[in-house]
Amino acid sequence: MATQTQEKKVVLKAIDELGRRVTPADVAAKTGLPILKATTELNTIAAETNGNLQVSTTGDIAYSFGFGFQSAYLAKGIQKILQSVGSHVFQAAYFLLRISFGIMLILSFVIVIVLFFIIILSMKMGNDRDDGGGFGFDFNFLDYLLIRDIFWWSTPPMYGNWGSYAGQGSTNYDYLAHDQLQDHYHLPSTRNKKKQNFLLNCFSFLFGDGNPNLTLEERRWQVIAQVIRANHGVVTAEQLAPYTGAKPDNEDAVLPTLVRFDGRPEVTETGHIVYVFPSLQVTARSQSTAALPTYLEEFPWQFTNVPSESLVPVYIIAGVNLLGSWWLMAQAQRVMLLVVLAPLVKALVIYGTFFCLLPLFRWMALQFLNARIEKRNIERRKNAAFVKNASPELSTKLLEAKKYSVSEKRIATTDVVYTTEKDALEQEFDPNTDKPRIL
């Protein structure tokens with residue numbers, strides 16, 4: 001039974017995006033995988049999906065796949081069904097986990113408010129019976145209107161006409177002009193704005209939205225392969241430094257790239273070292289001329305991707321929950337009800353404190369991580385500027401490197417002298433060249 005590893009999935013996607021006719025170098029440049037690994041995966045995929053090999057007059061090999069070549073991986077029987085069910089169960093469990101923190105916040109908030117009013121009413125009734133005696137607690141500690149505002153809180157539109165709220169009304173012209181300004185100045189649009197979910201916002205407030213550089217290594221190898229191709233298969237350590245993050249004069253830092261993309265070092269007449277990657281110059285398609293980034297940028301960690309106005313309800317409820325739970329704790333020795341409910345009050349204090357302290361500690365940690373990310377980005381920018389404003393010595397080195405340029409070997413369909421799409425008996429030999437000829 002054909003199985004898919006993560007690398008195989010990446011190669012399958014690359015094959016489809018590249019037009020189903022590729023070389024190992026095409027796949028390596030698209031995915032950032034080592035050429036040897038790309039070759040291995042292509043051989044495996046070709047065997048499992050009835051793909052075809054095409055050999056050019058120069059002896060280079062291209063792989064050709066038909067429409068729907070991935071269908072061999074779609075019928076996996078019970079294994080695929082179990083994987084699908086497991087994936088859905090995991091997604092459902094993860095979703096429940098994400099909303100559970102918001103549910104617990106609302107639940108604890110409601111308990112705090114209910115206990116607060118019960119205690120206040122009991123104190124007030126005790127004061128009335130004692131004719132001003134008792135605890136002497138003033139009900140004005142928390143205004144009912146504040147509670148009402150919390151439950152009915154809503155954010156005003158970021159942009160718009162407030163005249164309607166003042167009884168003045170608004171016109172379609174106001175909104176039309178506003179939308180035109182948004183389009184012209186690229187302001188955040190209020191049209192079709194995605195509705196925020198309070199429960200998911202709570203999870204994002206607590207834990208953030210994931211690592212923004214999860215695919216950094218994949219991006220690194222992709223852009224390095226594209227830089228090598230853009231420089232006709234030959235580069236220097238200085239040209240790779242903006243992407244590897246190493247010092248421009250660190251030749252050892254190029255070794256992983258040599259291994260990954262089947263390269264070799266060459267020494268110029270003046271003793272400079274350049275790196276040649278002939279395997280990356282074999283292609284079955286026209287190479288893209290898209291502009292390449294001048295350096296590999298790491299993205300800073302975001303505290304949350306939720307808009308700030310959507311977090312205001314979270315701030316309010318979390319703050320009231322924190323202060324309210326600690327107030328209940330302070331009253332625990334004075335109110336018999338709280339003595340009975342002491343475990344519950346402690347749980348409210350723990351969760352209320354956790355909900356506010358965890359984001360604070362996470363924010364401090366992100367400042368440290370982002371400072372290091374910015375430092376690495378600055379180093380890579382400096383490396384890019386070092387190449388752009390090349391010194392006379394580096395300019396000489398770059399000119400010498402061009403002498404080792406490798407011409408692109410494009411395997412056109414007209415260059416194919418043998419293909420596994422046809423039986424060997426169907427392919428005659430050309431008497432002039434003594435090579436097979438495709439019928």
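The values are calculated or read from the model by the stated rules, or taken from the named source; none is laboratory data. Values in this document were obtained by computation on a predicted structure and should not be read as measured data. Note that we place each Cβ from the backbone using ideal geometry, even for glycine, and neighbour counts take in every protein chain shown.
Key figures
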read-out: Verdict on Leu341 being touching a helix residue (DSSP H, G or I) at 6+ places or on another chain (Cβ under 9 Å) and modelled with pLDDT under 90; value: yes
read-out: Any hit, the stretch 352-366, residues being outside any loop (DSSP other than H, G, I, E, B), polar (S, T, N, Q) and buried (at least 17 other Cβ atoms within 10 Å of the Cβ); value: no
read-out: Residues located in the stretch 298-322, provided they are closer than 15 Å to Asn370 by Cα, in contact with a helix residue (DSSP H, G or I) (Cβ under 6 Å, 6 or more places away or on another chain) and not aromatic (Phe, Trp, Tyr); value: Glu298, Pro300, Thr304
read-out: Verdict on Thr23 being among the hydroxyl-bearing types (Ser, Thr, Tyr), at pLDDT 75 or above and in contact with a helix residue (DSSP H, G or I) (Cβ under 9 Å, 6 or more places away or on another chain); value: yes
read-out: Members of the stretch 30-48 found to be basic (Lys, Arg) and surrounded by fewer than 21 Cβ atoms within 10 Å (Cβ to Cβ), listed by number; value: Lys37
read-out: Unique match (being touching a strand residue (DSSP E or B) at 6+ places or on another chain (Cβ under 9 Å) and at negative phi) among Pro24, Pro34; value: Pro24
read-out: Residues within the stretch 326-344 that are in a helix (DSSP H, G or I), in contact (Cβ under 8 Å) with a residue 24 or more places away in the chain and not aromatic (Phe, Trp, Tyr), tallied; value: 4
read-out: Total residues in the stretch 303-325, condition in contact with a Gly (Cβ under 7 Å, 6 or more places away or on another chain) and either more than 18 Å from Cys202 (Cα to Cα) or not in a helix (DSSP H, G or I) (or both); value: 3
read-out: Filtered residues of the stretch 200-253 (kept if of a type in the set (S, T, N, Q) and either free of Cβ contacts under 8 Å to residues at least 24 places away in the same chain or not in a loop (DSSP other than H, G, I, E, B) (or both)); value: Asn201, Ser204, Thr215, Gln222, Gln226, Gln239, Thr244, Asn250
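Listed here are the residues, each with its yes/no results for (1) part of a loop (DSSP other than H, G, I, E, B); (2) modelled with pLDDT under 85; (3) assigned by TED's automatic domain parsing to the domain that holds Arg229; (4) of a type outside the set (D, E, K, R).
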residue: Lys8; (1), (2), (3), (4): no, no, no, no
residue: Val11; (1), (2), (3), (4): no, no, no, yes
residue: Ala14; (1), (2), (3), (4): no, no, no, yes
residue: Val27; (1), (2), (3), (4): no, no, no, yes
residue: Leu33; (1), (2), (3), (4): yes, no, no, yes
residue: Thr39; (1), (2), (3), (4): no, no, no, yes
residue: Ala46; (1), (2), (3), (4): no, yes, no, yes
residue: Leu53; (1), (2), (3), (4): no, yes, no, yes
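Residues are listed down the side, and each one gets a yes or a no for (1) of a type in the set (S, T, N, Q); (2) at pLDDT 95 or above:
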| position | (1), (2) |
| --- | --- |
| Ala365 | no, yes |
| Arg372 | no, yes |
| Arg381 | no, yes |
| Lys402 | no, no |
| Ser407 | yes, no |
| Arg410 | no, no |
| Tyr418 | no, no |
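Yes/no per residue for (1) touching a Phe, Trp or Tyr at 6+ places or on another chain (Cβ under 8 Å); (2) within 30 Å of Trp301 (Cα to Cα):
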| residue | (1), (2) |
| --- | --- |
| Glu217 | no, yes |
| Trp221 | no, yes |
| Gly233 | yes, no |
| Ala241 | yes, yes |
| Val259 | no, no |
| Pro265 | yes, no |
| Thr270 | no, no |
| Val276 | yes, no |
